[in-house]
Amino acid sequence: MNYWLIKSEPFKYSWSQFLKDEVTFWDGVRNYQARNNLKNMQLGDQCLFYHSNEGKEVVGVAEVIKEFYQDPTTSEDAWVVVDIKPLFAVKYPVSLSTMKNHPELQSIGLIKQPRLSVIAITESEFRTIINLSNEPA
C-alpha cells in the first residue's frame, strides 16, 4: 500500500462535501508531478485529505477505489483523475504548523513542495500524522 496527501481548498471542495458525495474523482490537477503521483496511485492506497489555504490542516483519510483514467473535465489527454471515497474524519485536525514542528515530519512533501496538490508520503509520515490526530493540539 502507498500513502498520499491530497490538497483541496475547502471553498472549492471540502471534507464535509466529500462526506456527502461519498465518492468523487480527484480532478483539476494541472501539474505534471502531481499528475504522475495520481498515475502511481493504486487500489486501496490511503490519502490524507488536507484543507489548503483555509485551515491548513489534515481533516480526514480517503481510499483510492479506482486507478487513474482520463480527466472528464478536460479534453487534454495529459490529465488524469482517480476515484476516492472517505474512510474517516480525523478526531483532531492536524495543522501545518504542528507538522512543521514535528521532528519526524521535517522531510514531508507538504513542507518541501508546498504548492504540489498530490504528494507521496511514507507510511511512517502517514502513521505519525494519524497519531497526532488522536491528541488535541
When you scan the stretch 60-84, how many residues do you find that are within 18 Å of Ile130 (Cβ to Cβ) and open to solvent by less than 20 Å² (accessible area, probe 1.4 Å)?
-> 5
Could you please let me know if Leu5 is aliphatic (A, V, I, L, M), surrounded by 21 or more Cβ atoms within 10 Å (Cβ to Cβ) and not in a strand (DSSP E or B)?
-> no
Within the stretch 47-59, tally of residues that are surrounded by 15 or more Cβ atoms within 10 Å (Cβ to Cβ) and either at negative phi or under 10 Å from the mean Cα position of the chain (by Cα) (or both) | 9
Of all helices (runs of 4 or more DSSP H) completely enclosed by the stretch 85-137, which ones contain at least 3 residues that are surrounded by 15 or more Cβ atoms within 10 Å (Cβ to Cβ)?
-> 96-100, 123-132
Answer yes if at least one residue in the stretch 27-45 is open to solvent by less than 20 Å² (accessible area, probe 1.4 Å), of a type outside the set (D, E, K, R), out of contact with any Ser or Thr (no Cβ under 8 Å at 6 or more places or on another chain) and assigned to a strand (DSSP E or B), and no otherwise.
-> no
Across the stretch 16-26, what is the number of residues that are part of a strand (DSSP E or B) and open to solvent by 50 Å² or more (accessible area, probe 1.4 Å)?
-> 1
So which of Glu63, Glu57, Glu22 is closer than 18 Å to Ala89 by Cβ and in contact (Cβ under 8 Å) with a residue 60 or more places away in the chain?
-> Glu22
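The values are calculated or read from the model by the stated rules, or taken from the named source; none is laboratory data. Computed from a predicted model, the values in this text were never measured in an experiment. Because the Cβ atoms are built from the backbone with ideal geometry, glycine has one as well, and the counts that use them run over all protein chains shown. What goes into the accessible areas is simple: the full protein's heavy atoms, side chains included, and nothing from ligands, DNA or RNA. Shrake-Rupley method; radii C 1.70, N 1.55, O 1.52, S 1.80 Å.
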